[in-house]
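**Q** Sharing a structure, written as structure tokens. Questions coming.
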Amino acid sequence: KFKFDDTKAIQDAITLSVTNGLKDVFFPGGTYNIRNVKLDSANLEPKDYSGIVLRGSGESSVIKRLPTHNNPQNEYGIIGLLGTGETNRVQGVTISNLGFDGNKTESFPIRSPGADTYGIGNKYFDAIALEYADSVRITNCAFYDGFGSALYSLNSNKLNISNNRVYQLSKPYESDISPVKISESSRVIIQGNLFENCSGALDFTGIE
């Protein structure tokens, strides 16, 4: 039952890539156990992330949520792209060819990180969380076995969510789960995705 925690190694790899202008973080085939990895604007300038790519070799490159741990309230999403406001935004990130395993049989928050905007769900369970993030592309990824959405977005723009597979997010007797939650965001393209065995509808709130 022992599992390595790969969170720090992956966070360090992303920071190294960004600060050295490499812009490409590759996950070879295998399973990576993660609590929460952040691309945020707290420690780096948002422009530093422009052009960075997180990519794997398909569903054999699995990002898996670690079993339950004592989570800080500001950690949510297996991967979080988190700006801090209208003038401090993360931008220009691509996530592709990765599998996201929500590991719902072993994972729940010890401390609640708070509900998503409009109280739609719990941020801890979402696979990818965007807040104040622009020009983000998520493609050819798989999201499964989770209690949360594949994607949660708030106040983000120019999103391209294409050719992903989202499945087995909950069972009929569990709470309904929206596979994608988009709030207060604009210029969003969602196309060519497959949604399978998802108990909730896509959720679009506060969008013209």
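The values are calculated or read from the model by the stated rules, or taken from the named source; none is laboratory data. Because the structure is a prediction, the values reported are computed rather than measured. Counting neighbours? That spans all protein chains shown, and the Cβs are built from the backbone with ideal geometry, glycine included. Please note that ligands, DNA and RNA were not included when accessible areas were found on the heavy atoms of the full protein model with its side chains. Shrake-Rupley method; radii C 1.70, N 1.55, O 1.52, S 1.80 Å.
**Q** Quote to one decimal, in nm, the extra length available between residue 158 and residue 70 on full extension: 0.36 nm per residue of separation minus the C-alpha distance between them.
**A** Values: separation 88, 0.36 × 88 = 31.68 nm, distance 3.37 nm.
Gain on extension, residue 158 to residue 70, equals 28.3 nm.
**Q** If one computes the Cα centroid of the stretch 9-46 and of the stretch 168-205, what distance in Å separates the two points?
**A** Centre-to-centre (Cα) distance: 26 Å.
**Q** A further question follows. Spin-label point model (7 Å from Cα, Cβ direction): what's the residue 191 to residue 45 distance in nm?
**A** 3.4
**Q** Set Lys and Arg Cβ to +1 and Asp and Glu Cβ to -1, take the dipole of the chain about its Cα centre, and tell me which of 202, 17, 152 lies farthest positive.
**A** 17
**Q** Mind checking which of 83, 63, 73 is farthest towards the positive end of the stretch 43-96's charge dipole, using Cβ charges of +1 (Lys, Arg) and -1 (Asp, Glu) about the Cα centre?
**A** 63
**Q** Right, something else. Could you grab the relative contact order for the stretch 1-73? Cα pairs under 8 Å, six or more apart, rounded to a whole percent.
**A** 39
**Q** Sticking with this structure for a sec: Taking amide hydrogens as modeled 1.01 Å from N in the peptide plane, which residues meet the under 5 Å criterion relative to residue 64, leaving out close sequence neighbours?
**A** Result for residue 64 returns 32, 33, 34, 101.
**Q** Given only helices, namely DSSP H runs of n ≥ 4 each adding -39500 (n - 2.57), what is the per-residue ellipticity at 222 nm of the chain, to the nearest 500 deg cm²/dmol?
**A** Numbers: 1 runs with 13 residues, N = 208.
Mean residue ellipticity at 222 nm (helix-derived): -2000 deg cm²/dmol.
**Q** Shifting gears a bit: I'm spelling it out carefully: the read-out is Cα extents along the principal axes in Å, the candidates are (i) 48, 47, 33; (ii) 53, 38, 34; (iii) 52, 39, 29, and one was derived from this structure. Which label?
**A** Only one listed value fits the structure, namely (i).
**Q** What is the extension gain from residue 207 to residue 16, computed as 0.36 nm multiplied by their sequence separation minus the C-alpha to C-alpha distance, in nm to one decimal?
**A** 65.1 nm
**Q** In addition: Once you have the Cα-Cα distance between residue 137 and residue 171, take 0.36 nm times their residue separation minus that, and quote the gain in nm to one decimal.
**A** 9.4 nm
**Q** Further, regarding this structure: How much accessible surface area, in Å² rounded to 10, belongs to the heavy atoms of residue 184 with a 1.4 Å probe?
**A** Looks like 70 Å² after rounding.
**Q** Using the heavy atoms of the protein chains and a 1.4 angstrom probe, tell me the accessible area per residue for the chain in square angstrom.
**A** 45
**Q** So what's the net charge close to residue 107: Lys and Arg +1, Asp and Glu -1, counting the other residues with Cβ under 11 Å from its Cβ? Write out the running numbers ahead of the final one.
**A** Working: positive: 35, 64, 65, 104; negative: 101, 106, 145.
Net local charge, residue 107 excluded: +1.
**Q** Related question: Highest first, please rank the peptides 89-95, 130-136 by the mean number of other Cβ atoms sitting within 10 Å of their residues. Walk me through the numbers before you get to the answer.
**A** Working: 89-95: 22.6, 130-136: 24.6.
Most protected by this proxy first, the peptides run 130-136, 89-95.
**Q** Tally up the carbon and sulfur contribution to the accessible surface of the chain as a whole percent, 1.4 Å probe, everything protein left in place.
**A** Exposed carbon and sulfur together represent 50 percent of the surface.
**Q** Have a look at the DSSP beta bridges in the chain and tell me what percent are antiparallel, nearest 5.
**A** Once the DSSP bridges in the chain are tallied, antiparallel ones form about 5 percent.
**Q** Under a straight-distance cross-link criterion of Cα-Cα below 27 Å, which lysines are reachable from residue 3, leaving out those fewer than 8 residues away in the same chain?
**A** Hits, sequence-local ones excluded: 38, 64, 104, 123, 171.
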